[in-house]
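The next block holds one structure in the form of structure tokens; read it before the comments.
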Ligand code: GAP
């Protein structure tokens, strides 16, 4: 997908009240965004869909809401003070800072793009007769590009695994990567940069304590593990789920709400017996992919990607990647975190954090299987893949946001055909009956066709239109966003129609 399309997505998000640049009147704050009147509804619906699937659907998962601040030792114990770093490199001419790993990844993607270009050219030339497999295995240009990709990938993953910053710089130089601003290869050495934001607790410099804004919500769960386990009389295996803000001083924050400095996570830590982690890892991979698929977007939008370099706490990890407008990128992480966190909190706090298993009288520090998804990335995944420009039979075009109905900001729009003859009053009565259960909008301005387009553009699944016949026989038309088909139903049927179309059971429990 081109930059042009991505720009359209960003401007649609602004124009239709989904996402605004934060502090726009002061020219904005980099990588910080605000959710607007429609965006907040979509975001809340995403969170609700996740919370229900985790907490409400699973008898052995409970939720918490821990504070953003925690004792500073938390971040020493979690390893974030020492190891939560990104490798960064500056261009000496433009003074622009980049993530070294991103520069290399972008380079690899560029070479992959060249292969795709060759493929497209041949496809155009030979049409149906094009044998892609043989072409990729034999074409000299493609083989040269592929060899280059393999070589860079190998050096890159070795450098990451050994934290070899010098080699990262060598790769950047050997690949001839240039700064996009200055166009030069005048690079500094690669340095590690800690991503946590610091702040102070206390009124004076002398008695203040350094605190960190949490870079992940997970630690709030670990700190509360023992309290929840005891007060909730939880038996292993069990989970604790949480939705909340996280903060990272990202070096390169770009691509709209994909990489932000203040964002929101939905995390679940599943506490298990040591040795069972691989079973649960596979289990949660499947459950989480099914959660995504239940929303009905095309399966080809998702893929698993195993981590080349494991985070400091993990013994296995993968991402669910989504096909964003700028290619496949991480949407959600699934990590086997071993007993790293609980073990370290036990060590640093000197408090016992053990689980006693009455089934075999064993005592152990639980292992943890984590699922972690960014709300904002999920928002972008849904929003970007739902925005469509459709040619209609009458030759016109419509812009429609085909958000899964269950997540749409508003579920139904109530529209009087004209602004008189008692139709607005009739509409108000319908709206009043529906609005507590279904987010409902009322719109009487402009011709009905334009109003349908406005609802299409914000993703409202159903439009109920009240016309003169309604006054006579209490029937209304109900229009479906995707098919644009209109049916005439009795006014008393609206509620049950919406109920059945938006029944969460039909969504959450469906993975086909
Ligand atoms: N507790 C584990 C953890 O935080 P992570 O892979 O660093 O793991 C989990 O982050 C998820 O949080 C990511 O898959 C992504 O969806 C989201 N995320 C991470 N950094 C983000 C950022 N700067 N902006 C928006 N979302 C982010």
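The values are calculated or read from the model by the stated rules, or taken from the named source; none is laboratory data. The shown structure was predicted, so the numbers you read here are calculated from the model rather than taken from an experiment. Cβ atoms come from the backbone with ideal geometry, glycine included; neighbour counts cover every protein chain shown.
Within the stretch 267-274, identify whether any single residue is within 22 Å of residue 99 (Cβ to Cβ) and either in contact with a helix residue (DSSP H, G or I) (Cβ under 9 Å, 6 or more places away or on another chain) or at pLDDT below 95 (or both), and answer yes or no.
No, because not a single residue in the stretch 267-274 is within 22 Å of residue 99 (Cβ to Cβ) and either in contact with a helix residue (DSSP H, G or I) (Cβ under 9 Å, 6 or more places away or on another chain) or at pLDDT below 95 (or both).
Tell me, please, whether a residue that is over 30 Å from residue 97 (Cα atoms), within 16 Å of the ligand (Cβ to nearest atom) and either within 31 Å of the chain's Cα centre (by Cα) or part of a loop (DSSP other than H, G, I, E, B) (or both) can be found in the stretch 140-163. Write out each step before concluding.
Here is the first cut: in the stretch 140-163, the residues over 30 Å from residue 97 (Cα atoms) are 140-144.
Keeping just the survivors that are within 16 Å of the ligand (Cβ to nearest atom) gives none.
No, the stretch 140-163 contains no residue that is over 30 Å from residue 97 (Cα atoms), within 16 Å of the ligand (Cβ to nearest atom) and either within 31 Å of the chain's Cα centre (by Cα) or part of a loop (DSSP other than H, G, I, E, B) (or both).
Only one of 289, 331 is assigned by TED's automatic domain parsing to the domain that holds residue 34, within 30 Å of residue 91 (Cα to Cα), within 16 Å of the ligand (Cβ to nearest atom) and not in a loop (DSSP other than H, G, I, E, B). Can you tell me which?
When all the criteria are applied, what remains is 331.
Is there a residue being within 16 Å of the ligand (Cβ to nearest atom), within 19 Å of residue 8 (Cα to Cα) and buried (at least 16 other Cβ atoms within 10 Å of the Cβ) anywhere in the stretch 385-401?
Checking the stretch 385-401: at least one residue is within 16 Å of the ligand (Cβ to nearest atom), within 19 Å of residue 8 (Cα to Cα) and buried (at least 16 other Cβ atoms within 10 Å of the Cβ).
Failed condition for residue 304, given (1) within 14 Å of the ligand (Cβ to nearest atom); (2) surrounded by 14 or more Cβ atoms within 10 Å (Cβ to Cβ); (3) in a strand (DSSP E or B); (4) more than 14 Å from the chain's Cα centre (by Cα), with all others met?
Only one criterion in (1) within 14 Å of the ligand (Cβ to nearest atom); (2) surrounded by 14 or more Cβ atoms within 10 Å (Cβ to Cβ); (3) in a strand (DSSP E or B); (4) more than 14 Å from the chain's Cα centre (by Cα) is unmet by residue 304, namely (2).
Out of (1) free of Cβ contacts under 8 Å to residues at least 60 places away in the same chain; (2) closer than 30 Å to residue 150 by Cα, what's the single condition that is false for residue 279?
(2)
Counting only residues that are surrounded by 17 or more Cβ atoms within 10 Å (Cβ to Cβ) and near the ligand (Cβ under 10 Å from one of its atoms), which one in the stretch 235-252 is nearest to residue 291 (Cα to Cα)?
Out of the qualifying residues, it is 246.
Within the stretch 99-106, is even one residue at negative phi, in contact (Cβ under 8 Å) with a residue 40 or more places away in the chain and not assigned by TED's automatic domain parsing to the domain that holds residue 131?
no
If you check residue 319 against the conditions, is it within 16 Å of the ligand (Cβ to nearest atom), under 30 Å from residue 79 (Cα atoms) and in contact with a strand residue (DSSP E or B) (Cβ under 6 Å, 6 or more places away or on another chain)? Can you show your working first?
Values: within 16 Å of the ligand (Cβ to nearest atom): yes; under 30 Å from residue 79 (Cα atoms): yes; in contact with a strand residue (DSSP E or B) (Cβ under 6 Å, 6 or more places away or on another chain): yes.
Considered against the rule, which asks whether it is within 16 Å of the ligand (Cβ to nearest atom), under 30 Å from residue 79 (Cα atoms) and in contact with a strand residue (DSSP E or B) (Cβ under 6 Å, 6 or more places away or on another chain), residue 319 comes out as yes.
Which residue pairs have Cβ atoms under 7 Å apart, sit 6 or more places apart or on different chains, and have a first residue in the stretch 208-232 that is outside the structural domain of residue 247 (by TED's automatic domain parsing) and without any contact (Cβ under 8 Å) to a residue 60 or more places away in the chain and a second that is within 16 Å of the ligand (Cβ to nearest atom) and assigned to a helix (DSSP H, G or I)?
Qualifying pairs under 7 Å: none.
Condition first: assigned to a loop (DSSP other than H, G, I, E, B) and within 16 Å of the ligand (Cβ to nearest atom). Can you find one or more residues in the stretch 177-187 that meet it?
No, because not a single residue in the stretch 177-187 is assigned to a loop (DSSP other than H, G, I, E, B) and within 16 Å of the ligand (Cβ to nearest atom).
Could you list, ordered by first residue, the pairs with Cβ atoms under 7 Å in which the first is in the stretch 254-266 and more than 23 Å from residue 241 (Cα to Cα) and the second is modelled with pLDDT under 95 and more than 7 Å from the ligand (Cβ to nearest atom), at least 6 apart or interchain?
255/326
Taking the stretch 5-48 only, how many residues are assigned to a helix (DSSP H, G or I) and farther than 22 Å from residue 453 by Cβ?
Residues flagged as assigned to a helix (DSSP H, G or I) and farther than 22 Å from residue 453 by Cβ within the stretch 5-48 amount to 11.
Which numbered condition in (1) more than 24 Å from residue 158 (Cα to Cα); (2) at pLDDT below 95; (3) surrounded by fewer than 17 Cβ atoms within 10 Å (Cβ to Cβ) is the only one that residue 142 fails?
Only one criterion is unmet by residue 142, namely (3).
Looking at the stretch 96-105, is at least one residue in a loop (DSSP other than H, G, I, E, B) and under 19 Å from residue 172 (Cβ atoms)?
yes
Can you work out which of the residues in the stretch 360-384 that are more than 16 Å from the ligand (Cβ to nearest atom) and either in contact with a strand residue (DSSP E or B) (Cβ under 9 Å, 6 or more places away or on another chain) or touching a residue at least 40 places away in the same chain (Cβ under 8 Å) (or both) is farthest from residue 41 (Cα to Cα)?
First pass over the stretch 360-384, keeping only residues more than 16 Å from the ligand (Cβ to nearest atom): 360-366.
Filter once more, keeping what is either in contact with a strand residue (DSSP E or B) (Cβ under 9 Å, 6 or more places away or on another chain) or touching a residue at least 40 places away in the same chain (Cβ under 8 Å) (or both): 362-366.
Details: 362: 47, 363: 45, 364: 43, 365: 40, 366: 37 Å.
Checked the stretch 360-384; the qualifying residue farthest from residue 41 (Cα to Cα) is 362.
Please indicate, with yes or no, whether at least one residue in the stretch 406-423 is outside any helix (DSSP H, G or I), at positive phi, surrounded by fewer than 22 Cβ atoms within 10 Å (Cβ to Cβ) and not assigned by TED's automatic domain parsing to the domain that holds residue 52.
yes
Since residue 314 meets every condition but one in (1) more than 12 Å from the ligand (Cβ to nearest atom); (2) assigned to a loop (DSSP other than H, G, I, E, B); (3) touching a residue at least 24 places away in the same chain (Cβ under 8 Å), which condition does it not meet?
All conditions pass for residue 314, except number (1).
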